[in-house]
Structure formats: C-alpha cells, structure tokens
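Coordinate-derived values only; no laboratory data. Because the structure is a prediction, the values reported are computed rather than measured. No Cβ is skipped: glycine too gets one built from the backbone with ideal geometry, and neighbour counts run over all protein chains shown.
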Amino acid sequence: MPLIEISLPKTIARALRLPASSPRGQQLKVLKKLLKKARFTEFGQHYRFDEILLSRHPGKRFQQLVPTHDYSSIYQQWWHRTLEGKRDVCWPGRIKYYALSSGTSEAASKYIPITEDLLKGNRTVMVKQLFSLRHYDDIPFSNIGKGWLMLGGSTQLQRGQGYYAGDLSGITAKKVPFWFTPFYKPGRKIAKMNDWNDKLDEIVEQAPNWDISFVVGVPAWIQMCMEKIIERYQLKTIHDIWPNLSFFVHGGVSFEPYKKGFEKLLAKPLTYIETYLASEGFIAYQDRQHAKGMKLSINDHIFFEFIPFDDENFDAEGNMVPNPKSYMIHEVEEGRDYALLISTSAGAWRYLIGDTIRFSDIERCEVIITGRTKHFLSLVGEHLSVDNMNRALQLASEELNVSIPEYTVAGIPYGNFFAHHWYVASNDHVDKAILLQKIDQHLKELNDDYIVERKSALKEVFLDVLPESKFMEFMASKGKVGGQHKFPRVLKGKMLQDWQAFLGEPAV
C-alpha cells in the first residue's frame, strides 16, 4: 500500500494546508503560540511573556525583554533544573527526553530538551516534506510506500533519574508513529542495538529481505553501509539488491564532497533531498527539485531570528557578544551570512544553535548552511567559511577527477606568521601538490579577504592526503561512530591536538 494513501491525523492534515499570510505573519503567529503555551513557566514569568503577548509589536518586545542564549548560559541558568526533575522551567511539564549532542568539536555532551510538542512539530514538517515530493519530476512516486532505511542512533536510550537521553535520531525512531512502522527499516529490534558495528552487520545480514526505496542519514555512514552490503553479496551496485532505491535524504554536512564516491555504488541516479534536522528541531527541508536551498519551517514550531555573522556580533573565537543585533524573517538580506537563533516548543528561547546560514531565495524563505559559528578560519582576517572550503574542494576534485569524501583544515603558526594545514581523505591516486595549488587558487577566487591575506600574514598552505579509513578511525577513537556524528571541517583547540597526536605529528 502506498504511503500516500494513509489517512493522517486531522491536526497534521490541517497543518499541511499552506497559509496565506506573509512570512512575517506566519512567524509572529508561531511566536505567540509558543509564548501562550509557556507563559506560566518559570522562564515565561521571569521574562514577562504576558506583557509581550499584549504588545502591539510582540516580535520586537520579545527581543527587548528576553536575552540571547548559547548552550552554556541557558543550561546553567535554566535547563540544569529540568535534569533534576523540576517541572515547568522553560516549557510546561517535565522533560522526559534529552538529545545528547556534542556537535563536532566539544568534548562534553550537551543535554538538549526534547518534548512531545517538539516531536509532534518535527513529524508535521516531515509529512510536509513527504507531500512535497509530488511536485518532483520523473520520480517513481509509488516507491514512497516501500522501505525507508534510516541509519541513526540507538533507541536503547540512557536512563537518568526520571528521564532518558540519546541521539535525536534514536529518540525519533523510538517514537515512530504507528502509520509509519510498516515502512521503517531497520526495524525496532536492530534500531535498539547500541554497538554501531553490530548494528551495521545486522543491517547487512537483513538487506536481501528488504525492498528499500529511501535511505536516510549522514552521507559517510550511508556510504559505508552500502559498501559493506555490496562487498558481502559480491554485487556490482547497491541496485542489484535494492532495485527500487530512488531517494537519498541527507543532512548535517554538505553532500558534494561525498557525491563522486557515492555514485560509484549506484546503477542509476537517485533523487537527492536535503534536510536540516538538528537536535533542537526540524529547521528546514528541500521542498522542490533542484532548489539551491532548503525551505525554513516558518509556520510550525520554531520562531527564527538571524544575527549577522560579523565582527560586531561575534568575537574571534566565534562566541556571540552580549546583546547582538538580531533580525526577524522579514528583515533579512539575500547573500549575507547569519547565525541562527531559535525559540522552540521544547523551551529553547533565543537560542544560538551554532550554525550559519545564507538566504538563497528570500521570497521562498530558502536557505543554505554555510558553516558553524566556531568552525571557520580567520587567523588574520581571511574569514574563510566552510561553504568556501566545500566549494573550493569540490571544484578541485572535479578538475582532477578524484573522490575526496572527507577533509578538515587547521590554522597553525608559521614562523612569525600563519598557515593553513589541509588534511583530505582519498583512496584515489592524488598529486597533492597539484591539488593544493588548485584549492588555494579557487579560494582566492571565492573569497576576497583570503587573497589579500595570502599576500601578507597567511604565508603558507600545507596539504596531506590520507586514506578515508584514518578519518573513520579517529572518529571511532573519540566515541563518535555512526548516527549523526560528522567529522569537523575546522579543527581547533583540544580536538586539533588530539588529531595531531593520532597522526603522530608534533603539536603546534
């Protein structure tokens, strides 16, 4: 039975109807809904949510009365009490689930509150994305009712004093709606497994029994899974075992570095669908074929604000300054980088998620992810974003016809000046001198600040080519295997020291 024919709950069906109001109107409606629900919490009382709701300009009043937060500040002031079982702190009720998130650089785990309201909103956005597929060209829409292989964290969650914690993907899989259960793979039993390698082995074992049309997950781990299946059954491509495989839903990192190696495993093209699902909520999704960006979920369960990612609002380490300038959806400009600030139905209020985005289409509210507030290189003012690095590496690898699925970059001292050190993963034969020259040249063409600094304080660029397995082994050594874990594109601080020690290099 095709998934599209399933009768959906009326609340979800109503939510699927596109609102007629402007993006500003939709966002103000979301803000008011969040404020009304949370006005009797400790946070809502402290920051006078009732007064904001009565204001003629609730968006501006909200910005005036409620301070911005990063994880450390909101956890120390508010969220830590929810872990102790305290009710009605930032959102009504008791928090029963937490997404464990350490991003890609921080060592200590973050406990991100997950509520039923947030999960409900996430599901609504997921259904909207599903229905948007009917607008795609030349795709086998009947395949939507076949198997969905979703590679995520374990549904065997850690148990605390009155709460459970784990990857958001594990929490989501544990609470899969009944109508989706027949299509969900690898199924509850395998999803419950904690050990990533054991889980992968079991997926490989069961692969011939499934008719998979969708694969969902981080590119590196999906690719590894398909490679193991092909090797185990001595196949030419993954389509030899899953002939109906048609879609790859990905997110978390840019897919471009993986695309060349990924497509070697296919017998026919897939439809690629980008999503932006963070631990804090389902932020955006690609709702039309060949779109450059993803549509923000502006009329569901998240209120967005946008902080210009510049020296006025962030320090040299990527930390947000007190009282940064923030804009609402109707005030943004196309082509400018913003740090994302969100307020959600899980009690995140004016919360810095840590990602930077750029509007590719303001009218459609479509964005692309350009990097992380702390994952950029600006040793001497070169202002090099992850988006710049992805693009330069993509162009260079295409010109040399090599696959480079992983990379990372570090800023290092070089005499009295500075240098960048690139580490790229490739199992192809790569002339590293030519690759380095091409990356450097493309960065000069993409970034005006970079070319200026390459003539002054940024004196040198180094590059090492490593086997892809080295990157995976390092992630395994840090306990970051499978699920939502991604290799950081920029290495700083302790993570850089650990990486250098792993490679046997002297620390700098």
Once you have the Cα-Cα distance between LYS432 and LYS96, take 0.36 nm times their residue separation minus that, and quote the gain in nm to one decimal. 115.9 nm
Collect residues whose amide H, placed 1.01 Å from N in the peptide plane, falls under 5 Å from the amide H of ARG372; neighbours closer than 5 in sequence don't count. THR356, VAL386
Considering the Cα positions of segment 118-278, please state its Rg to one decimal place and its Dmax as a whole number of Å. 15.6, 51
Pull up the DSSP beta bridges for segment 118-278 and report the antiparallel fraction as a percent, rounded to 5. 10 percent
DSSP beta bridges in the chain: the antiparallel percent, rounded to 5, is 60 percent
Among 367-379, 51-63, 35-47, the order from most to least packed when residues are scored by Cβ within 10 Å on average: 367-379, 35-47, 51-63
Karplus 3J(HN,Hα) series, Hz, for segment 447-458 with 6.51 cos²θ - 1.76 cosθ + 1.60 (x for Gly, Pro): 9, 5, 5, 5, 5, 5, 6, 5, 8, 10, 7, 8
Fully extended, how many nm does the chain gain between GLN64 and ILE451 (0.36 nm per residue separation, minus their Cα-Cα distance)? 135.3 nm
Using Cβ contacts closer than 10 Å as the measure, can you line up HIS383, HIS290, HIS301 from fewest to most? HIS290, HIS383, HIS301
Distance between the C-alpha centers of segment 40-98 and segment 410-470? Whole Å please. 44 Å
Given 264-276, 341-353, 111-123, 391-403, the highest-first ranking by average Cβ count within 10 Å works out to 341-353, 111-123, 391-403, 264-276
Just from its helices, what would the mean residue ellipticity at 222 nm be for the chain, if runs of 4 or more DSSP H residues each count -39500 (n - 2.57) and the sum is divided by every residue, rounded to the nearest 500 deg cm²/dmol? -9500 deg cm²/dmol
Can you put LYS29, LYS292 in order of Cβ neighbours within 10 angstrom, beginning with the fewest? LYS292, LYS29
May I ask for log10 I(q)/I(0) of the chain at q = 0.06, 0.08, 0.13 Å⁻¹, from a Debye sum over the Cα atoms as equal point scatterers with solvent left out? -0.28, -0.51, -1.43
For segment 386-503, percent of DSSP beta bridges that are antiparallel (nearest 5) comes out at 45 percent
For the cross-link pairs LYS192/LYS486; LYS128/LYS192; LYS175/LYS292; LYS259/LYS486; LYS36/LYS60; LYS96/LYS189, which exceed 24 Å when the distance is taken from alpha carbon to alpha carbon? LYS128/LYS192; LYS175/LYS292
